[in-house]
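**Q** Below are the structure tokens for one structure; questions will follow.
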Amino acid sequence: MCAACYLQRFLWRAFMPPTHRVSSVADTLSEALRASESRYRRLFETAQDGILLLNADTAQIEDVNPYLIDLLGYSHAEFLAKKLWEVDAFADRAESKDMFAKLQTTGYVRYEDLPLKTKAGARIEVEFVSNAYDSAGIKVIQCNIRNITERKAAEAKLQRHSQLYAALSQCNQAIVHCDSEGELFLQVCRAAVKFGGMKMAWIGLIDSETLRVRSVASFGDDTEYLKDIEISMDADSPFGRGPTGTAIRENHLYWCQDFLDDPVTVPWRERTVHAGLAAVAALPLHRKGMVIGAFTLYSGETNAFDEAARDLLVEMATDISFGLDNFAGESQRKQAVEEIAFKNAILKTQRETSLDGILVVDENGKIISYNQQFIDLWRLSPQLVSARLDAPVLQSVADQIENSDAFVAQIQYLNAHRDDKSREEIRLKDGRIIDRYSAPSTGADGKYYGRVWYFRDITERKGLELEKEQYFKFFMLSTNPMCIADPYGSLKRVNPAFVQLTGYSESELIAKPFLDFVLPEDRQRTVDEMKLQVETRPSLHFENRYMCNDGTVIDLSWTAYFDRHDVVTYATADNITERKKADSRIAFLNRVYAVLSGINSLIVRVLDRDELFREACRIAVEAGGFRMAMIGIVDRSTMKVVPMASMGKDEALLTDIKCLLSSSEDASKTMVARAISEKKAVLSNDSQSDSRVLFGKKYAESGVRSMAVLPLIVADEAVGVLALYASEIEFFQEDELKLLTELAGDIAFAIDHIGKQERLNYLAYYDALTGLANRSLFLERVAQYMRSAVSGGHKLALFLLDVERFKNINDSLGRPAGDALLKQVAEWLTYSTGDANLLARIDADHFALVMPEVRQDGDLARLAEKTMETFLEHPFHLNDAVFRIAAKVGIALFPDDAADADTLFRNAEAALKKAKASGDRCLFYTQKMTAAVARKLTLENQLRQALDNEEFALYYQPKVNLVSGKITSAEALIRWNDPRTGLVPPGKFIPILEETGLIYEVGRWALRKAIEDYLRWRSAGLTAVRIAVNVSPLQLRNRGFIAEIEQVIGIDAHAAAGLELEITESLIMEDVNHSIVSLQAIRAMGITIAIDDFGTGFSSLSYLAKLPVDTLKIDRSFVIDMTAGPEGLALVSTIIDLAHSLKLKVVAEGVETEEQSRLLRLLSCDEMQGFLFSKPVPSGIFETRFLALLPPGDA
């Protein structure tokens, strides 16, 4: 049960009115109960002693106040419901259970000196007082626990000083009475140990030859520490860098507060541990001003030599050196006596000037010495004290004390317990408060010499403590966050309001410096403010940002007061976070408004897109305060965002961003890519911790903490982005984003407006399809070149070029194919001339070319003829087919044919018209026309004659089963036997057949001839193998092709079984849906289908599974690569496995070596075809060589 609960029950029982009293009395008493309970609770929680409430029956802890929680480090929950000896701080105290039993019996227990351990393991000394009392029938045990650790430390310090005073006195007596240095050295060492509290002391003198330090006297060396010890004053020796050697060599005092932690003491560590030595002091000794050795003292405790102790030891060393000098002569001895007297006078002066009243008594209680402060504090008669009778003095002192009996009893107790130390606060009848401390005076050997009493008037201090206690109550109850800190910012106390605001516990706040909770960027300013306050001002006001326990940052406004008496700062904080946020939001919005206004003004006046981008970025950085800004535009050819303009304070980071956007791997992961694809703004308000930001660390290093990427949308298409980078976290909020979205829309509008204007300007002078100049711009350029020709004294030529068969291609293949052809012609002309500015597209299929400088007409004619030949040989790719396109050219010369550009152009047109009418390939406007080149027309005529004259023939190349070696089928290959030149290779005439359309007729002839040969072989009883005929693209695209096939095989019921059509993969994929329909119709006739050159047409596997085919033919290039490396072999193996999985037969083309054949057999290829078995041969040879007679009845 808590303290307040005990009080409430007591007051209720004491003041509860009889039932017949009126309710107003009950209300009054209830109010009094609550007020009393509140006062007791405040006293309980603000007490500066620990308070523990125990259940008198069970010894369980019912409540504990904040001071004890803070003192021992345990939480409130760790105390409650446990017995006293179950809490770790008391668990190792055997007195705990006995104490409780004594409490139950006597009702009172007191321990003046009880050592406890905190939760952190630190040892503290406490005064423990327990009382048992009955409160309205409830038995309560209240334990008051006071921390006396500092007081105990002060007592120990006083005892050390008393011992050193005694040792100094003994040392001075030895100096007076000793007759030799040896005797003096021994007595000095003895005094330091027996009277000065040292563990060991020794004096060493220098051996001038070896520079070693030799021990000549010691006391307390029970472990033979000095036996065979090696100590030198030579700095180059490892034994010369210790305390003693250094003190002698440097003639300087040496204090080592922790012997085992000082690196110079390593050579003596082992014997030091054995001897139990912890701290050492080495003092140089002099004779006649020269260092002769050192006086070295050891303590069993670390940090034993405080300032006062060092002063006394220095005096002792000085006195010893003085004594050494005194032995040099009698006159010096007299001087030593005087010096010692002086030293004693100094000691007396120190005693008399002490703030404490000091009284020293011997072992029998007789007064030995006292100081004036003692007489003044107790207001005693000097005659009374000088009589040195303790009884009258004691009585006079006791008469002034409120509780004199207790004081006298304590003196009697201490007389009986000589080893005890004691401290208490005594209240005098005149209202003064005296701090009394008493300690025994013992030698190092433990002999009791008497007791020293110290008295100090602490009345004023206690008054200040009362004031502080009242302030502390206000401090703890205030709703404003408050704290107490030292001048360097370390928190000493915080109130509950401060704890609630920050989310840290009080122990967490006090465990660290105040600045650890301040944001790093605010720390130096906070330090400067606090330093200025300490130096110049009693109070100040400043603001900083504070990191709470949950990671949130709050803005605090501080009002601080520096107390110069206690050297602490009292500070009160006001949470201004919301006000700061509102100010920041307004500042952010104003920056965005400034950017919006500046860029909208820019849009009104700017006409150039690059200037728009550059100035927009500049305005964002300069007017908007953004750290960086960038505008990027989508390159439609690569679908990457290309930075067009940027501005910012970190060029290296902007360079990294540009490299990232150009990267093929990482560009798609950027916020820029997301803004483009999603067509909406992409934000990151904390770039350092946002996983979506690829350059999070680099942004943080460059001061970028928030970023927004806004798409620039034109006609519902994201054409680019505006990227803004801010140095503030959480910059881009809803209001800012609305304005920035509006800004991005304005920039997109400007881009669209400028683009349309540029487009209009472009179309006025350029051809939209090819990008070449139009007629108007071309004639302007020709006019300029003509002026240059006049000044240069040379000619100029103008060419007009007509693309032949363009209308046919455009009509048959469609307008997209026609446009593609015109673009390719423009690209070829640009490549051939090397300068697009010399070219123009005049109308649908007419192009113009100006040659600015012509030296000889003959060179021009040869150049024109060569150009036309090259143009004809160039392959133009349309719909996966290759076309050879012819052209006609008309040429006019300046100044021969005209004096101005318009006339020259019309004359070139006239020459072109004449060339088209006459069939000539190239004509000049003048009568000096070049001879017409009619090879193409001649070849066309010859091919038509070849068809009529049956000059075409089918050659057959056998296909062989790779396992059995038997012929399975044959491929029919067309050949032209020209009576004028002999056998013509297919590559020379087949392109012309396709270009002129003769392929239709020649293809029908090949089908009929193959069927004819097959039926003839069958009728003759030969092994009639199936014949594969190649189908050209123009044949398959022809809508009447299916009907032609039906007509060809309709001549015989067995005809379809003898026919296989080979169709290239690329031709099938050109129009997959049309190909599937056509092939299904052909296959329904009983004709098999083979995909020729498989692997070169990039067919889709999903479509391949749907195609109605029977055979895959592996292209010759893959067969060659198969033996070149594992990659080629793997590819062929994959094709074979794929075909077999689709139930297709596999034929390898172009097999020329046994190694290729062997590998194909290992890969389970079905058939092969190639020079290894046979070249294509005429029908007659094929019949004789490969077709055998069938057995009777098999025909």
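Read-outs: derived from the displayed coordinates by stated rules, not from any lab. Only a predicted model underlies this, so the values are computations on that prediction, with no experimental measurement involved. Virtual Cβ from ideal backbone geometry, glycine too; neighbours counted across all protein chains shown.
**Q** Name the trypsin sites (Lys or Arg not before Pro) in region 959-1014 that are in a loop by DSSP and that have at most 14 other C-beta atoms within 10 Å, would you?
**A** Working: sites: Lys959, Lys966, Arg975, Arg980, Lys988, Arg1004, Arg1008, Lys1009; in loops: Lys966, Arg980.
Answer by residue number: Lys966, Arg980.
**Q** Pairs of Cα atoms under 8 Å, at least six residues apart: use those to get the relative contact order of the chain, whole percent. The partial results should precede the final answer.
**A** Numbers: 2002 pairs, mean separation 44.2, N = 1195.
Computed value for the chain: 4 percent relative contact order.
**Q** Hey, which lysines would be in cross-link range of Lys580, C-alpha to C-alpha under 26 Å, not counting anything within fewer than 8 residues on its own chain?
**A** Here the lysines satisfying the reach criterion relative to Lys580 are Lys531, Lys738.
**Q** Taking the Cα centre of the chain as origin, work out the dipole magnitude from +1 charges on Lys and Arg Cβ and -1 charges on Asp and Glu Cβ, in debye rounded to 20. Don't jump to the answer; show the numbers that get you there.
**A** Numbers: 137 positive and 170 negative charges, 251 e Å.
Here the size comes out at about 1200 debye.
**Q** From the helices alone, meaning DSSP H stretches of at least four residues, give me the mean residue ellipticity at 222 nm for the chain, per-run term -39500 (n - 2.57), in deg cm²/dmol to the nearest 500. Before the final figure, lay out each step's value.
**A** On the way: 43 runs with 551 residues, N = 1195.
Value at 222 nm, helices only: -14500 deg cm²/dmol.
**Q** Consider just the alpha-carbon atoms of the chain and return their Rg together with their Dmax, both in angstrom.
**A** 57.2, 167
**Q** Lysines near Lys913 by alpha-carbon distance under 21 Å, same-chain residues fewer than 8 away left out - which ones?
**A** Once the sequence-local lysines are set aside, what remains near Lys913 is Lys807, Lys866, Lys888, Lys928, Lys936.
**Q** A follow-up question, please. Normalised by the number of residues in region 942-1186, what is the relative contact order in percent for Cα pairs under 8 Å and 6+ residues apart? Write out the running numbers ahead of the final one.
**A** Numbers: 385 pairs, mean separation 48.0, N = 245.
This gives 20 percent for region 942-1186.
**Q** Which of Met476, Met1168, Ala652 sits closest to the plus end of the dipole of the chain, meaning its Cα is farthest towards the positive end, when Lys and Arg get +1 and Asp and Glu get -1 on the C-beta?
**A** Going by the charge dipole, the pick is Met1168.
**Q** Using the Cα centre of the chain as origin and beta-carbon charges of +1 (Lys, Arg) and -1 (Asp, Glu), tell me which of Tyr413, Trp558, Phe322 is placed farthest towards the positive end of the dipole.
**A** The residue sitting most towards the positive pole is Trp558.
**Q** A further question on this structure: Taking amide H positions as placed in the peptide plane 1.01 Å from N, state which residues far from Ile842 in sequence (5 or more) or on other chains have amide H under 5 Å from it.
**A** Under 5 Å from the amide H of Ile842: Phe847, Ala848.
**Q** Arranged from highest to lowest average of other beta-carbon atoms within 10 Å per residue, in what order do the peptides 424-430, 1024-1030 appear? Please report the intermediate quantities before stating the final value.
**A** On the way: 424-430: 13.4, 1024-1030: 20.9.
Final packing ranking: 1024-1030, 424-430.
**Q** Ok, one more. If we count chymotrypsin sites (Phe, Trp or Tyr not before Pro) as exposed when they sit in a DSSP loop and have at most 15 other beta carbons within 10 Å, what is the longest stretch of the chain that avoids them all?
**A** Working: sites that count: Tyr488, Tyr765, Phe1098, Phe1171.
Of all site-free stretches, the longest is 1-487.
**Q** Moving on to the next point. Could you size up the charge dipole of region 152-352 around its Cα centre, putting +1 on the beta carbon of Lys and Arg and -1 on that of Asp and Glu, and report it in debye to the nearest 20? Present the calculation step by step, with values, prior to reporting the outcome.
**A** Details: 21 positive and 29 negative charges, 84 e Å.
Charge dipole, region 152-352, about its Cα centre: 400 debye, nearest 20.
**Q** Could you calculate the FRET efficiency of Asp70 with Lys429 from 1/(1 + (r/R0)^6), where r is the beta carbon distance between them and R0 is 45 Å, rounded to 0.05?
**A** Working: r = 36 Å, r/R0 = 0.80.
Rounded to the nearest 0.05, the efficiency is 0.80.
**Q** Oh, and also: Which part of region 190-211 falls in the paramagnetic zone of His274, meaning amide N under 11 Å from the point 7 Å along Cα-to-beta-carbon?
**A** Output list for this probe position: empty.
**Q** Next up: Longer than 23 Å from Cα to Cα, which of Lys119/Lys157; Lys157/Lys492; Lys366/Lys421; Lys581/Lys679; Lys959/Lys1113; Lys669/Lys697 are they? Say none if no pair is. All intermediate terms of the calculation are to be shown ahead of the outcome.
**A** Details: Lys119/Lys157 27 Å; Lys157/Lys492 25 Å; Lys366/Lys421 18 Å; Lys581/Lys679 30 Å; Lys959/Lys1113 11 Å; Lys669/Lys697 16 Å.
The pairs that break the limit, which is 23 Å between Cα atoms, are Lys119/Lys157; Lys157/Lys492; Lys581/Lys679.
**Q** What are the aspartates and glutamates whose alpha-carbon lies under 14 Å from the alpha-carbon of Lys83, with same-chain residues fewer than 8 places away excluded?
**A** Asp57, Glu62, Asp63, Asp92, Glu95, Asp98
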